[in-house]
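The values are calculated or read from the model by the stated rules, or taken from the named source; none is laboratory data. Keep in mind that this is a model prediction, so the values were computed, not measured. We place every Cβ from the backbone using ideal geometry, glycine too, and count neighbours over all the protein chains shown.
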Amino acid sequence: MIPTSLDWCQEQDRNDPLAPMKDRFDLPEGVIYMDGNSLGVLPKGVDARIADVVKKEWGQDLIKSWNTADWINLPARVGRKIAPLVGAKPNEVVMADSTSINLFKVAAAACRMNKGRTKIITEPGNFPTDLYMLQGLSDFLGPDVALQVVERDQIIDAIDDDTAVVVLTHVHYVTADMFDMKAVTEAAHAKGALMVWDLSHSTGAVPVDLNAAGADFAVGCGYKYLNGGPGAPAFLYVAERHQAAVKQPLTGWFGHKTPFEFLDDYEPAGDIRRMLVGTTSVMAASALDEAMNAFEGVDMMVVRKKSQALTDLFIALCREKLKDHGVGLATSENPGKRGSHVSLKCENGYAVMQALIERGVIGDFRAPDFMRFGFTPLYLGFEDVYRAVEIMADIFETGFWKEARFNEKGAVT
Ligand SMILES: *Cc1c(COP(=O)(O)O)cnc(C)c1O
């Protein structure tokens, strides 16, 4: 049994080695933020950095800043900061584009490397953009390459000699179910298929070791657990062994070997920069670059341990305090099999979440009936979790969620 008393939670906070990390962030007063898996909070220093980029680098130094502020190397510089969080070498990760676009580039590159094979495998219920981009890719590649959508417990059996690439999200965006990255990658390789991992709900939340898993490609998101700000650039990973041969279809000038020679013919850069497309959004990239400093000196194993303790506590508290309110657990009870968020299935989940947000507990809602709560060990504490469930219990007990305003849907849930 996991202790759930307020005293115990406060004691955990006092003994928490990550407690000082909260100081690295600008959190609004009176808010318990449990949506860092969707939009991370503002790290301290980002606002000053952006002001400097605008006023000095852009305002004063103008175009010289491509060299003097090293704007040109932002994709590689930020990539090097992300690499240790995903178990990659510094030259295996670049910041670029959005997760959707990166997924298209690496999946297309994998299909090209495995030309002649006819299948792309993914799972139903994967994050929609992953499914959509793969549908677009297979449509673009024509009748020779088809997308096969396979239930997760049958994926390993479905991988065969016709499979070009397997594309999976490591931590599921609703259930938080986590794949065994090494086992699935090995199963793909055993049949000669390539493996793409989407790390959007993993990076900065759970330890990832792409090199140890032997992964070929990966993509991930900059605005979730990496706190890069709304619409932050994403990143991608290409294993060093593939970098000389890999070719992606979006052959823009930032992927060229010598972009400033302005040659007519495309020739890819000799390293991971060949995965780049066009000009970097310098302000957005600078925000992510600065935000990454919040992870300096952070041991992901310590983050994982706290994340598991926080999610264990949340599940135990929900079981204790919400048992009469028709709330089901949509996430694995096994802390080794889930990432760093927990989803609750609840018929009136949308309205309950709106009521929670009004009371200062911010999570989100995912259709059709999931309330989702993110656990970000760098800035969320044990007492925060206790208070959040206490407030949720009160919302159920008083029927507060039934008020009409909580049932009006916004464009973004
Ligand atoms: C958040 C998320 C994305 C986001 O894609 P964008 O192109 O940045 O909008 C993609 N895939 C997964 C699995 C995600 O969780």
query = Which one is surrounded by the fewest Cβ atoms within 10 Å (Cβ to Cβ), of the residues in the stretch 274-329 that are part of a loop (DSSP other than H, G, I, E, B) and under 19 Å from the mean Cα position of the chain (by Cα)?
reply = Glu296
ask   = Tell me, which residue of the stretch 240-273 that is of a type in the set (Ser, Thr, Tyr) and closer than 28 Å to Trp58 by Cα is nearest to the chain's Cα centre (by Cα)?
value = Thr251
query = If only one of Ala48, Ala96, Ala83, Ala108 is under 20 Å from Gly255 (Cα atoms) and over 16 Å from the mean Cα position of the chain (by Cα), which one is it?
reply = Ala108
remark   = Flagged in the stretch 107-130 as more than 16 Å from the ligand (Cβ to nearest atom) and under 19 Å from Gly220 (Cβ atoms), in numbering order, are Ala109, Ala110
task = For the stretch 37-76, name all the residues that are in contact with a strand residue (DSSP E or B) (Cβ under 9 Å, 6 or more places away or on another chain), of a type outside the set (A, V, I, L, M, F, W, C) and in a helix (DSSP H, G or I).
result = Asp47, Pro75
note = Given (1) in the same structural domain as Phe127 (by TED's automatic domain parsing); (2) surrounded by fewer than 17 Cβ atoms within 10 Å (Cβ to Cβ); (3) not in a helix (DSSP H, G or I), Pro84 misses just (3)
ask   = Does the stretch 205-228 hold any residues that are more than 12 Å from the ligand (Cβ to nearest atom) and within 15 Å of Glu290 (Cα to Cα), and which are they?
value = Asn227
message = Yes or no: the stretch 217-233 includes at least one residue that is under 22 Å from the mean Cα position of the chain (by Cα) and of a type in the set (S, T, N, Q).
response = yes
message = Looking only at the stretch 4-32, count every residue that is part of a helix (DSSP H, G or I) and farther than 17 Å from Lys306 by Cβ and tell me the total.
response = 2
query = Here are some conditions: (1) touching a Cys at 6+ places or on another chain (Cβ under 9 Å); (2) within 11 Å of the ligand (Cβ to nearest atom); (3) closer than 18 Å to Ala193 by Cβ. Thr99 meets all but one. Which one does it not meet?
reply = (3)
